[in-house]
Amino acid sequence: MVTFSIDTPDQEVRKIVTEWVGLLAAGEYQQALGMLYHDNTGTSQVEKPWTPGRLVKYTNNYGLEEPLPPRTKEQYEKDMLERYGSLEGINEWQPDEPEIFWVTPITEEIEETYERFLKVDRVSTYGLDRKYYSGMVHVDLPLNGFLSDLTARFFIRKIGEKDLALELFDLHVM
C-alpha cells in the first residue's frame, strides 16, 4: 500500500493516481490494487472488495457488471466518426459482439485533458465520516486509446494520525 502524509501536495497524490492508471494500462491489476488501502476493520464505505478479476471486468465493461449490448451498425459508424473523423481504416462493424474496453497508456494527445480532469478534493468528504476519510480523488480512465468518461473514484483514507492512502470506491460513468 502506498501511503502519504497529510501534508503531501495534491500534485504528488495525482502522481500516485497516474502511476496506478499506468499499472492498469500495463495489465498489472494485482500490483495496481497493491498500491491501495484495503479495509479489514469494517469501517470502509466500499461495498464489495476489489480483486484483479473484478477490476478487469469493470474496465472491460465500461464500469458495469455485464458487457454493454452490441451497438447497431449505425451507432457504431456514428461513434467511430466522432472518435476518428473518418471510417477509413476502422475495423468493420461486427454484429452481436459487445465492445471490450481496455485501460490504455496516457498519450501526449490526451495528457492535457487527463490532467485537467484528475481531481483531488480534500475539502468535501462527500458525506463520509471525517474520522476515517479526508476527501476523494476522481480520475477519468483512458480506454482504447481515448480519454473516457469512466471515472475511477478513490476515497482518501486516513491511516493513523498523520498518513493517508487511496481506497478505490468505484468505477463510475460520470
Please find, within region 108-139, the residue that is surrounded by the fewest Cβ atoms within 10 Å (Cβ to Cβ) out of those that are in contact with a strand residue (DSSP E or B) (Cβ under 6 Å, 6 or more places away or on another chain) and of a type in the set (V, I, T). T113
Among (1) closer than 22 Å to E12 by Cβ; (2) assigned to a loop (DSSP other than H, G, I, E, B); (3) without any contact (Cβ under 8 Å) to a residue 24 or more places away in the chain - the single one L128 does not satisfy: (3)
In region 101-125, what residues are of a type in the set (A, V, I, L, M) and in a loop (DSSP other than H, G, I, E, B)? I106, L118, V123
With (1) modelled with pLDDT of 95 or more; (2) not in a strand (DSSP E or B) as the list, and I156 as the residue in question, which single condition is left unmet? (2)
Between a residue in region 160-174 that is in contact (Cβ under 8 Å) with a residue 60 or more places away in the chain and within 16 Å of T41 (Cα to Cα) and any residue that is among the hydroxyl-bearing types (S, T, Y) and surrounded by 13 or more Cβ atoms within 10 Å (Cβ to Cβ), which pairs come within a Cβ distance under 7 Å, given they are 6 or more apart or on different chains? L164/T3; L164/S134; A165/T3; A165/Y37; L166/Y37; E167/Y37; E167/S44
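A quick yes/no check of all residues on (1) under 21 Å from the mean Cα position of the chain (by Cα); (2) of a type outside the set (K, R); (3) part of a helix (DSSP H, G or I); (4) exposed (fewer than 10 other Cβ atoms within 10 Å of the Cβ):
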residue	(1), (2), (3), (4)
E65	yes, yes, no, yes
K78	no, no, yes, no
E82	no, yes, yes, yes
S86	no, yes, no, yes
N91	no, yes, no, yes
D96	no, yes, no, yes
E99	yes, yes, no, no
For region 53-76, does any single residue satisfy the condition of being modelled with pLDDT of 80 or more, of a type in the set (A, V, I, L, M) and over 20 Å from S148 (Cβ atoms)? no
Residues in region 1-20 that are crowded, with 16+ Cβ neighbours inside 10 Å and among the aliphatic types (A, V, I, L, M) total 3
Hey, does region 15-36 have a residue that's out of contact with any helix residue (DSSP H, G or I) (no Cβ under 8 Å at 6 or more places or on another chain), modelled with pLDDT of 95 or more and closer than 22 Å to R130 by Cβ? yes
Under 7 Å between Cβ atoms, at least 6 apart or on separate chains: pull out the pairs that start in region 1-27 with a residue that is free of Cβ contacts under 8 Å to residues at least 12 places away in the same chain and end on any residue that is in a strand (DSSP E or B). E12/F4
Among the residues of region 40-55, how many are out of contact with any Leu (no Cβ under 9 Å at 6 or more places or on another chain) and under 21 Å from L143 (Cβ atoms)? 2
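The values are calculated or read from the model by the stated rules, or taken from the named source; none is laboratory data. What you are looking at is a predicted structure, and each value in this text was computed from that prediction instead of being measured. Methodologically, a virtual Cβ is constructed for each residue, glycine included, from the backbone with ideal geometry; neighbour enumeration extends over all protein chains shown.
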